[in-house]
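A.B. asks: Quick one: structure below, then a few questions.
A short reminder: the numbers here are calculations on the coordinates, not readings from a lab. The structure displayed is predicted, hence computed values, not measured ones. We place every Cβ from the backbone using ideal geometry, glycine too, and count neighbours over all the protein chains shown.
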Amino acid sequence: MTVSPVTAPAVPVRPVAATPPRLEIRHLSRGFGGHAVVDDVSLRVMPGQVTCLLGPSGCGKTTTLRCVAGVDMQDSGEILVDGRLVCDTLFRVPPERRSIGLMFQDFALFPHMSVEGNVAFGLTGTRAEKRARVAALLERVDLGRYIDAWPHELSGGEQQRVALARALAPGPKVMLMDEPFSGLDNRLRDGIRDQTLEILKEEGAAVLLVTHEPDEAMRMADEIALMRGGRIVQQGAPYNVYNAPVDKAAAAFFSDVNVIRGTVRGALTDTPFGQFLAPGVPDGTEVEIVFRPQHVKIDFDRQGSGPLPTPRDGTPARGVVQRARFMGADSLVEFRMDHDGFVLKATVPNVFLPKPGTPLWLTIRRDRCFVFPVR
Ligand code: ATP
C-alpha cells in the first residue's frame with residue numbers, strides 16, 4: 001500500500017500592521033562647544049511603557065529629554081511620535097504641537113492661578129468642559145476637594161500631584177519626566193511614585209523618565225536605558241540590566257561590588273575562591289571577577305583556622321572581620337581576606353553582626369559573578 005504524503009494546507013500569510021512605537025528616538029546626537037553630550041542615542045517606547053534613562057550626573061539624560069520636548073535642538077538624529085516625524089535637522093514641530101507632556105522636579109505650579117487654573121492651563125473648550133476635565137483629573141490624583149485651592153495651600157506632594165494632573169490634562173501621547181520625585185521626602189515619595197505610575201499606565205502614554213537613582217529606575221521602569229558619557233551602554237528590563245551587566249561600571253551603578261583580579265590561563269583564572277571560567281578570553285589577559293556583597297555567603301558554623309570545610313559553593317576562603325555595620329534590614333560586614341589582604345564586603349541578614357577580629361570562612365555565589373576583561 002502506498003501512503004501518500006500528507007502536506008499541511010498552506011496557511012495564508014496576512015501582513016501584520018506593526019504598531020509603531022509611541023516615541024522613537026533615532027541616532028540622536030547633541031554637542032556643546034565641540035563636545036558630544038548626547039552621542040548617537042536610539043530608543044523606542046511603546047504606549048503604556050515606562051523607560052528610564054538612568055545614569056550619573058552629566059551623562060546627557062536631560063539634554064536628551066530637552067531635544068525630545070523640542071526646547072533644545074539636536075545636531076543630528078530624528079524623533080518620531082506614533083511613527084510621525086516631529087523633528088530632524090531640517091524639520092521641526094514646535095514643542096506645544098508634539099503631544100508631549102512635561103513633568104520636571106522644578107516644574108512649579110503658577111502661584112497666581114488656582115489649582116483649577118493650573119490644570120486647565122493647556123486645555124481648550126468651554127469653561128464648563130474644561131472644569132469637568134480638570135475635576136476628573138483631580139479626582140484621579142485624589143485631590144478633587146482642592147479644585148479651588150491655591151498652590152501655596154498645598155503640601156509638596158499635593159503640588160506634585162497637581163503638576164501631574166496638569167501634564168496629563170491635554171492627553172499627551174508621550175510624558176517626559178525629569179527627576180520628578182526628587183523634591184519629595186522619602187516617606188511621600190514611594191506612594192506618589194506608585195500612584196503616578198498607575199495613572200500613567202492607565203492613560204497609555206509612553207513615558208521617558210530621567211533619574212540618577214537606580215532604585216527609582218528599578219521600581220518604575222519596564223525598561224532601563226543605562227547612559228554613560230552621552231551613550232546608552234545597556235538597555236533592557238530592570239531584572240536583566242541588574243543581573244547581566246555589560247561591564248564593571250554597569251554592575252557598580254546598581255550596588256556596591258567586590259572585585260577580584262586574576263590572569264587567564266587556559267580559559268580559567270585563579271582566585272582565592274577557586275578557578276573561574278573565562279571562556280574565549282585569550283591567555284595572559286587580566287580579568288576582573290565582579291560580584292555584589294549580597295552574593296557572599298558567610299559560614300557562621302565554621303570559625304577560626306580549622307580544616308577547610310567541604311566546598312558546596314566553590315572553594316571557601318578565610319577572612320577576618322574588620323568592621324560590621326548594622327544597616328536596618330541587613331548588616332554590612334567588611335573582611336580582610338587572608339589571601340593578599342584584600343578587603344571584601346558581604347551583606348548578611350541583620351541578625352548577624354560579627355565582632356571585629358573574628359575569622360570566618362566565606363564562599364561566593366559563582367552563578368552571580370561576572371568576569372570582565374580589564375580595559
Ligand atoms: P544631571 O543628572 O546632573 O541633571 P544629566 O545627565 O541630565 O545630568 P545634562 O544636563 O544632559 O546631564 O548635561 C550633560 C552635559 O552637557 C553636562 O556636562 C552639562 O554641563 C552640559 N550641558 C548641558 N546643557 C548645556 C548647554 N546649554 N551649554 C553647554 N553645556 C551644556
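A.B. asks: Counting other Cβ atoms within 10 Å, keep those with at most 10, restrict to DSSP loop, and tell me which chymotrypsin sites (Phe, Trp or Tyr not before Pro) in the stretch 15-124 are left.
C.D. replies: Answer in residue order: F91.
A.B. asks: When only C-alpha pairs under 8 Å and at least 6 residues apart count, what is the relative contact order of the stretch 62-190, in percent?
C.D. replies: Answer for the stretch 62-190 is 30 percent.
A.B. asks: Calculate for the chain the 222 nm mean residue ellipticity that helices alone would give, adding -39,500 (n - 2.57) per DSSP H run of length 4 or more and normalising by residue count, nearest 500 deg cm²/dmol.
C.D. replies: -6000 deg cm²/dmol
A.B. asks: In which sequence would R145, R98, R92, R375 go, from the one with the fewest C-beta neighbours within 10 Å to the one with the most?
C.D. replies: Going from sparsest to densest Cβ surroundings: R375, R145, R92, R98.
A.B. asks: Using only Cα atoms, find the angle between the long axis of helix 127-140 and the longest principal axis of the chain, and express it within 0 to 90 degrees, rounded to the nearest 10.
C.D. replies: Between helix and principal axis, roughly 20 degrees.
A.B. asks: Say the dipole of the chain comes from +1 at the beta carbon of Lys and Arg and -1 at that of Asp and Glu; which of I192, V351, A120 then lies farthest toward its positive end?
C.D. replies: Checked the options; the winner is V351.
A.B. asks: What residues qualify as long-range amide H neighbours of T358, i.e. H under 5 Å apart, gap of 5 or more or another chain, H built at 1.01 Å from N?
C.D. replies: Answer set, sorted by chain and number: V321.
A.B. asks: So how do E158, E139 line up by other beta-carbon neighbours within 10 Å, fewest first?
C.D. replies: Ascending number of Cβ neighbours within 10 Å: E139, E158.
A.B. asks: Considering the alpha-carbon set of the stretch 49-166 alone, what are its Rg and its Dmax in angstrom?
C.D. replies: Final numbers for Rg and Dmax: 16.8, 47 Å.
A.B. asks: Grab the beta carbon distance between T358 and L188, set R0 = 35 Å, and tell me the FRET efficiency rounded to 0.05.
C.D. replies: 0.30
A.B. asks: Considering only C-alpha atoms, what is the centroid distance from the stretch 60-86 to the stretch 223-270, in Å?
C.D. replies: 28 Å
A.B. asks: Could you run the Karplus curve 6.51 cos²θ - 1.76 cosθ + 1.60 with θ = phi - 60° over the stretch 338-348 and give me ³J(HN,Hα) per residue in whole Hz, x for Gly and Pro?
C.D. replies: 4, 6, 6, x, 6, 9, 10, 9, 10, 9, 10
A.B. asks: Also: Which ³J(HN,Hα) values in Hz, rounded to whole numbers, follow from the phi angles of the stretch 223-236 under the Karplus curve 6.51 cos²θ - 1.76 cosθ + 1.60, where θ = phi - 60° and Gly and Pro get x?
C.D. replies: Each residue of the stretch 223-236 in turn: 9, 10, 10, 7, 9, 8, x, x, 10, 8, 8, 7, 9, x Hz.
A.B. asks: Order these by the 10 Å Cβ neighbour count, fewest first: M327, M220.
C.D. replies: M327, M220
A.B. asks: Compute the semi-axes of the equivalent ellipsoid of the stretch 191-246, taking the square root of 5 times each eigenvalue of the Cα gyration tensor, and list them largest first in whole Å.
C.D. replies: Equivalent ellipsoid semi-axes, largest first: 22, 12, 11 Å.
A.B. asks: For the stretch 160-289, build the convex hull from the C-alpha positions and give me its volume per residue in Å³.
C.D. replies: Convex hull of Cα atoms, per residue: 141 Å³.
A.B. asks: Any idea what angle helix 156-168 forms with the longest principal axis of the chain, computed on alpha-carbon atoms, 0 to 90 degrees, nearest 10?
C.D. replies: 60 degrees
A.B. asks: Could you give the angle, 0 to 90 degrees to the nearest 10, between helix 186-203's Cα long axis and the longest principal axis of the Cα atoms of the chain?
C.D. replies: 60 degrees
A.B. asks: How high is the relative contact order of the chain, in percent, counting Cα pairs under 8 Å that sit 6 or more residues apart?
C.D. replies: That works out to 15 percent.
A.B. asks: From Cα pairs below 8 angstrom and at least 6 apart in sequence, can you work out the relative contact order of the stretch 160-214, rounded to a whole percent?
C.D. replies: 52 percent
A.B. asks: Relative to the compact globular guide of 2.2 N^0.38 Å, what is the alpha carbon radius of gyration of the chain, as a ratio?
C.D. replies: 1.28
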